[in-house]
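Q: Can you keep this structure in mind? I'll have questions shortly.
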Amino acid sequence: MDKQLSLTVNALDLFRLEGRRAVVTGGGRGLGEVMATALAQAGADVAVVSRTLDDCRATAEAIAGQTGRRAMAVAADVTRADEVERMASEVEQTLGPVDILINSAGVNVRGAAHELAESDWDLVVNVNLKAPFLCARRFGPRMCERGWGRIINMGSILSVIAMPGRAPYASAKAGVVNLTRVLALEWANSGVTVNAICPGPFATEINRPILNDPAKYKAFVEKLPIGRWGELHEIAGPALFLASDAASFITGSTLFVDGGWTAQ
């Protein structure tokens, strides 16, 4: 971009998403709900996806009422390719081609490795790693054909650090970061960016066991240089940034939103 052109670009306009259509998995509650709402506030039409239709409907209705954008609810098990295909077809028929995908569906099973069942491992890895792969595989090539797309995968601080009792979750989230890099390289010359957001401790349902245990909560806070857990709204800005033209030269990157935890 030459100097003259750069002076004509309004920085705030780079964050606008009018005419874009987004899918947010795990969008019925927690961080997914916040990110879906943020995209709609910036002008995007949004499909809220999770296994629980009631949660999706409540969130979609709230988004539509607040923003005036089209918002739809789709119940789907995104760990299954046939369900991903059905979900994608429903969204495309209602909203049109998808420009933005946020893979936010997540689950955790805590416990020492020798105590966890095989089914625990399969559940956590399937939801946190297999599902982003299946959704990206479905939407990404179509974004490439149209020459524009944004895929955001939700990692974790456990993508790069370890904690006892988190073997399936940490393994899956580490995989998310490298999946992000691979997809970014494969689609880099097609106008599609693929990035990851790695949150630290946020007060979400998945962290309820820690929130309800004063000793564990205190131990987490002591590891946060900023001195507190993240507020849910603090994920909105990073998600909107990576979903917009403001981040057009960023791909294969990992953005840590963790109060400084991984800076130590």
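The values are calculated or read from the model by the stated rules, or taken from the named source; none is laboratory data. No experiment lies behind these values; they were computed from the predicted model shown. Here the Cβ positions follow ideal geometry from the backbone for every residue, glycine too, while neighbour counts run over all protein chains shown.
Q: Hey, among the residues in region 205-216 that are in a helix (DSSP H, G or I) and farther than 25 Å from G27 by Cα, which one's modelled with the lowest pLDDT?
A: Result: K216.
Q: Identify all residues within region 164-204 that are more than 18 Å from the chain's Cα centre (by Cα), farther than 19 Å from L123 by Cα and not aromatic (F, W, Y); write none if there are none.
A: Correct list: L185, E186, A188, N189, S190, G191.
Q: So V24 clears everything in (1) within 17 Å of P238 (Cα to Cα); (2) outside any strand (DSSP E or B); (3) of a type in the set (V, I, T) except one condition, right? Which one?
A: The number of the failed condition is (2).
Q: Does at least one position in region 135-147 carry a residue that is outside any strand (DSSP E or B), touching a helix residue (DSSP H, G or I) at 6+ places or on another chain (Cβ under 8 Å), over 21 Å from A36 (Cα atoms) and hydrophobic (A, V, I, L, M, F, W, C)?
A: The answer is yes, given that some residue of region 135-147 is outside any strand (DSSP E or B), touching a helix residue (DSSP H, G or I) at 6+ places or on another chain (Cβ under 8 Å), over 21 Å from A36 (Cα atoms) and hydrophobic (A, V, I, L, M, F, W, C).
Q: Any idea how many residues of region 50-102 are in contact with a Gly (Cβ under 6 Å, 6 or more places away or on another chain) and part of a helix (DSSP H, G or I)?
A: The number of residues fulfilling the criteria is 3.
Q: Can I ask one more? Could you list, in sequence order, all residues of region 148-178 that are part of a loop (DSSP other than H, G, I, E, B) and either among the aliphatic types (A, V, I, L, M) or within 19 Å of G259 (Cα to Cα) (or both)?
A: Correct list: G155, S156, V160, I161, A162, M163.
Q: Filter region 206-264 down to the residues that are surrounded by fewer than 16 Cβ atoms within 10 Å (Cβ to Cβ) and among the small types (G, A, S) and list them by number.
A: Passing the criteria: A215, A219, G227, G237, S248, G260, A263.
Q: Out of the residues in region 62-105 meeting the condition of being touching a residue at least 12 places away in the same chain (Cβ under 8 Å) and among the acidic types (D, E), tell me which one is nearest to G43 (Cα to Cα).
A: Going through the qualifying residues, I end up with D99.
Q: Something else about it: Collect the residues in region 46-62 that are over 18 Å from R86 (Cα atoms), more than 17 Å from the chain's Cα centre (by Cα) and β-branched (V, I, T), keeping them in residue-number order.
A: Listed by number, the list is empty, since nothing qualifies.
Q: It is to be established whether one or more residues within region 8-28 are more than 24 Å from V192 (Cβ to Cβ) and in contact (Cβ under 8 Å) with a residue 12 or more places away in the chain.
A: Looking for residues that are more than 24 Å from V192 (Cβ to Cβ) and in contact (Cβ under 8 Å) with a residue 12 or more places away in the chain, one finds at least one in region 8-28, hence yes.
Q: May I pose another question? Which number in (1) part of a helix (DSSP H, G or I); (2) under 20 Å from the mean Cα position of the chain (by Cα) marks the one condition that G43 misses?
A: It is condition (1) that G43 fails.
Q: Being modelled with pLDDT of 95 or more and either in contact with a Gly (Cβ under 7 Å, 6 or more places away or on another chain) or more than 27 Å from A246 (Cβ to Cβ) (or both), is that true of even one residue in region 38-49?
A: Taking region 38-49 first, the residues modelled with pLDDT of 95 or more are 38-49.
If we keep only those that are either in contact with a Gly (Cβ under 7 Å, 6 or more places away or on another chain) or more than 27 Å from A246 (Cβ to Cβ) (or both) as well, we get 48-49.
The answer is yes, given that some residue of region 38-49 is modelled with pLDDT of 95 or more and either in contact with a Gly (Cβ under 7 Å, 6 or more places away or on another chain) or more than 27 Å from A246 (Cβ to Cβ) (or both).
Q: Still on this structure, please answer the following. Which is surrounded by fewer than 15 Cβ atoms within 10 Å (Cβ to Cβ) and modelled with pLDDT of 95 or more, of N195, N189? Step through it out loud before you land on a result.
A: Details: N195 fails: surrounded by fewer than 15 Cβ atoms within 10 Å (Cβ to Cβ).
Unique residue meeting the criteria: N189.
Q: Same structure again: Where residues in region 217-264 are more than 18 Å from N103 (Cα to Cα) and of a type in the set (A, V, I, L, M), which of them is modelled with the lowest pLDDT?
A: Result: A219.
Q: N207 passes all but one of (1) farther than 18 Å from D245 by Cβ; (2) under 15 Å from the mean Cα position of the chain (by Cα); which number fails?
A: (2)
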